[in-house]
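Undergrad: First the structure, which I've put down as structure tokens, then a few questions once you've had a look.
The values are calculated or read from the model by the stated rules, or taken from the named source; none is laboratory data. Everything numeric here is computed off the predicted structure, so don't read it as measured data. Glycine also receives a Cβ, built like all others from the backbone with ideal geometry; neighbour counts cover every protein chain displayed. To get the accessible areas, we keep the full protein, side chains included, count just its heavy atoms, and leave off ligands, DNA and RNA. Shrake-Rupley method; radii C 1.70, N 1.55, O 1.52, S 1.80 Å.
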Amino acid sequence: MDLKLDADDLNMCVQCGLCLPHCPTFRVTGDETMSPRGRIKLMREVQDNDAPVSKEVVDAFATCVQCRGCEPACPSGVPYGHLMEQTRETLVDAGKLTPAWQQAALKPLAHPKLLKAGSAVIAVANKVGLVPSRLGLPDDLPIRQEPLVASGDDVWMFTGCVMDAWQRDVHQATQRVLEAAGFGVRPTGDLAPCCGALQSHAGMGDDSRKLASKLIAALGDRPVLVNSAGCGAAMKDYGHLLGTDEAHEFACRVLDISEFLADHIDALPSVEPLDLSVAVQDPCHLRHVQRVHESTRTVLRPFVRELVELNDDGLCCGAGGAYSVLQPELAGQIRDRKVEAINRVAHDVVASANPGCSMHLAGAGVQTVHPMTLVDQAIRGTSSSS
Ligand code: SF4
Ligand code: SF4
């Protein structure tokens, strides 16, 4: 089968194996076909040698978290994330991956009214105990939210889909922090309902391209600030996804919120730091894809007593968008390793800049707080402990 992979990209892999220790699925299984090297070998066998696309081959691709921890570790610079996204898209088009029910489940993300209705139903189901606790949804999942109100036009604050439905308090904190630094903020709201990251991960290329085009058309001129690592990584990749000059220009305007604030750190007020020891959990899409995780530290440092590093070399927590729902066993095993790393260090709270990681870790009893929430609490002189 032609997976439609770029032959040059595919041939960049020299099968050295240096990426293996950085791959969460290889670490928990020890199985070569669940490593980056093994998966790339399978891509070659399918594309170049017409190897059959058996259930085992599809499973090897489906079990990749798409954390891209293998990319910074690769001396050859293999663009693994792009290879995997294209492989999945071809398999979805061939009816071998992401069945119709899974595709249907992702459709409401692009439709704010449907998303609001669906999220209210999930909130009620969660309250009466019908949602598995391993998914980490908080008991007080909001059914209705206070609206976000624009305060100016210096920057866009991307609000997204699931995060806006369930963690609008993080957007409110982010907006207050930006305003404290002197910026007028325009929340994107229904103008840009979804970045398409989950669709892209699922191999739904047409859906993700449509959403990317809609976003680009809606969000002109200003910097687009993103407080969800997964969304920011997807939006920074629009140039590759769409291949147009306009998409490349847009991608250059996308910044993680910490990346933006690190460049304006002197504009934030000097305040008494929170009396907290904060363990920093780097979301993969901030650390391995955007590679701006140091900004989180730059922004947090003045506002808390101390920062604590985890000593697991940034290994994935197993959240991976919808991965924790679709591959619960592997996601749980990967999360166990992250929880062990968190428990190895003394800390008061864990900071994480990705809603998926937060919910996934909460499913194992680890409560996290968004870095912007901590900065906001320090500026407002309120306490934080959970
Ligand atoms: S992806 Fe990179 S690090 Fe991994 S085996 Fe291939 S060349 Fe080596
Ligand atoms: S993206 Fe993550 S899970 Fe997939 S092969 Fe690379 S390191 Fe392993």
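Undergrad: Name the residues in the stretch 1-26 that are in a helix (DSSP H, G or I), surrounded by fewer than 19 Cβ atoms within 10 Å (Cβ to Cβ) and away from ligand 1 (no atom under 11 Å from the Cβ), would you?
TA: Matches in the stretch 1-26: ALA7, ASP8.
Undergrad: Answer with yes or no whether ASP266 is at pLDDT 95 or above and within 23 Å of LEU255 (Cβ to Cβ). Give the derivation first.
TA: Values: at pLDDT 95 or above: yes; within 23 Å of LEU255 (Cβ to Cβ): yes.
Taking the combined requirement at face value, the residue satisfies it.
Undergrad: Name the one entry in ALA331, ALA378 that is part of a helix (DSSP H, G or I) and more than 17 Å from the chain's Cα centre (by Cα).
TA: So the residue among ALA331, ALA378 that is part of a helix (DSSP H, G or I) and more than 17 Å from the chain's Cα centre (by Cα) is ALA378.
Undergrad: OK, next. Within the stretch 22-33, identify whether any single residue is away from ligand 2 (no atom under 11 Å from the Cβ) and in contact with a helix residue (DSSP H, G or I) (Cβ under 7 Å, 6 or more places away or on another chain), and answer yes or no.
TA: Yes.
Undergrad: Does the stretch 50-61 include one or more residues that are within 11 Å of ligand 2 (Cβ to nearest atom) and part of a helix (DSSP H, G or I)?
TA: Taking every residue of the stretch 50-61 in turn, at least one turns out to be within 11 Å of ligand 2 (Cβ to nearest atom) and part of a helix (DSSP H, G or I).
Undergrad: The conditions are (1) under 23 Å from the mean Cα position of the chain (by Cα); (2) open to solvent by 40 Å² or more (accessible area, probe 1.4 Å); (3) within 15 Å of ligand 1 (Cβ to nearest atom), and LEU114 fails exactly one of them. Which is it?
TA: (3)
Undergrad: Identify, from the list SER258, SER270, the residue that is under 14 Å from VAL177 (Cα atoms), more than 16 Å from ligand 2 (Cβ to nearest atom) and part of a loop (DSSP other than H, G, I, E, B).
TA: On the way: SER258 fails: part of a loop (DSSP other than H, G, I, E, B).
Of SER258, SER270, the one residue that is under 14 Å from VAL177 (Cα atoms), more than 16 Å from ligand 2 (Cβ to nearest atom) and part of a loop (DSSP other than H, G, I, E, B) is SER270.
Undergrad: Residues of the stretch 308-324 being under 13 Å from ILE334 (Cβ atoms), in a loop (DSSP other than H, G, I, E, B) and not small (Gly, Ala, Ser), which ones?
TA: The answer is ASP312, LEU315, CYS316, CYS317.
Undergrad: Please work out which one of (1) over 18 Å from ASP313 (Cα atoms); (2) near ligand 1 (Cβ under 10 Å from one of its atoms); (3) not basic (Lys, Arg) is the condition CYS70 fails and give its number.
TA: (1)
Undergrad: If we keep just the residues of the stretch 34-67 that are among the polar types (S, T, N, Q) and under 16 Å from ALA94 (Cβ atoms), which is nearest to ligand 1 (Cβ to nearest atom)?
TA: Within the stretch 34-67, the subset among the polar types (S, T, N, Q) is 35, 47, 49, 54, 63, 66.
Those left that are additionally under 16 Å from ALA94 (Cβ atoms): 47, 54.
Working: GLN47: 16, SER54: 22 Å.
Checked the stretch 34-67; the qualifying residue nearest to ligand 1 (Cβ to nearest atom) is GLN47.
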